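Encoded as structure tokens, the structure appears first; notes follow it.
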Amino acid sequence: MNPQNHNHFSYAKTSRYKVMLRFVLTWLITIAIFIVLFSRISFIEVFELIKQTNIYLFVAAILFSILTHVFLSSARLKKVVEIIGCRLSFFESVIIRMGCNPIKGVLPFKTGELTILAYMNKKHNLSYSKGFVSLLLGYVFSFIALILFYSFGGIFYFHSRAQRIFFVFLFLLNLLFVITVSLRKIPLLISGFLKRIQKLPEEIKSLVEKYNSPAIKITFFYSLGIEGSKLLIIFLVLKSLRIDIPADALLLFGSATIIAAYLPVTYWGLGIREATILFLFSSYAPLDKLLAGSLLITFVDGLLPVLLGLFFMKPFLNSLWGNTERGIVSGDL
């Protein structure tokens, strides 16, 4: 047997085992969390509470979810790739963003997002390193927006002067970073540091000094809209179960909940979101009500985008695999 073929076969086999291990581990973590939760809270009681949901508020939460995942997230993707010098039509960005959701839901640790890198490389000749930066930028701006909401909520939630000073400092620090980046005033220290990293591709180093600063501003505002809509989803779903959350607590604890759900530990944030809501909002409602609300939030903000993505998955995969006579490219639309 050819040694090279044998090594390739061994590597493929090892990779397959790693994927399977991640899949099993992710579901084990999810199941373990729910076993702990439902060992302390009756599933029957939670189910009965879900049936009492105010349908109008719940539908409003669904509409915000559609706005967030179909329109705002797609528009941000369009602007994020524009930052690194690539152009997408809005329709194509919807196909990419939504078509990836079911794949991301199936594969563990959000590795399904790597299909976006493959798509951008094939259809737009965008290098994998730049594609990875575009994905990373979306998460970075979401994190910054959430920290701004979190710190702003902390300023009003806490009464201690020392705590308020800390949250004011955190808020101003993040705001300063956004202003600095959007004005294309990257500190020379950061640029020089990145240039000294030998393994970093040259095209990534050059992005630090050359990027589309107007697109940065728009991307940040899209991120504020995305995360603000997710906070409204939390508010509306909890309100539909007659759980009243003050604005400062929503900004503080809601932002922390969204950050926790972003962690690539379980599928769609299952278990992580529920446990975080039970811990942070325990002073505002009984645990069974909070668990019912958190399950509904997971459906609206986690499972619903995956279900909607099924309508876009076929054109996304067809274009990725080259099974269509005419790909979805910005010049065609």
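A short reminder: the numbers here are calculations on the coordinates, not readings from a lab. These numbers come from a predicted model, not from an experiment. Backbone-built Cβ (ideal geometry, glycine too); neighbour counts: all protein chains shown.
Ordering of 34-43, 266-275, 115-124 by packing is 266-275, 115-124, 34-43, highest average first (other Cβ atoms within 10 Å, averaged per residue). Shown for F279, F149: other C-beta atoms within 10 Å of each C-beta, ranked fewest to most, produce the order F279, F149.
Remark: the stretch 219-230, residue by residue, has Karplus-estimated 3J(HN,Hα) of 4, 5, 5, 4, 5, 4, x, 5, 6, x, 5, 5 Hz, where x stands for each Gly or Pro and the curve is 6.51 cos²θ - 1.76 cosθ + 1.60 at θ = phi - 60°. Here the extension length gained between I31 and K314 equals 98.9 nm, from 0.36 nm per residue of separation less the Cα-Cα distance.
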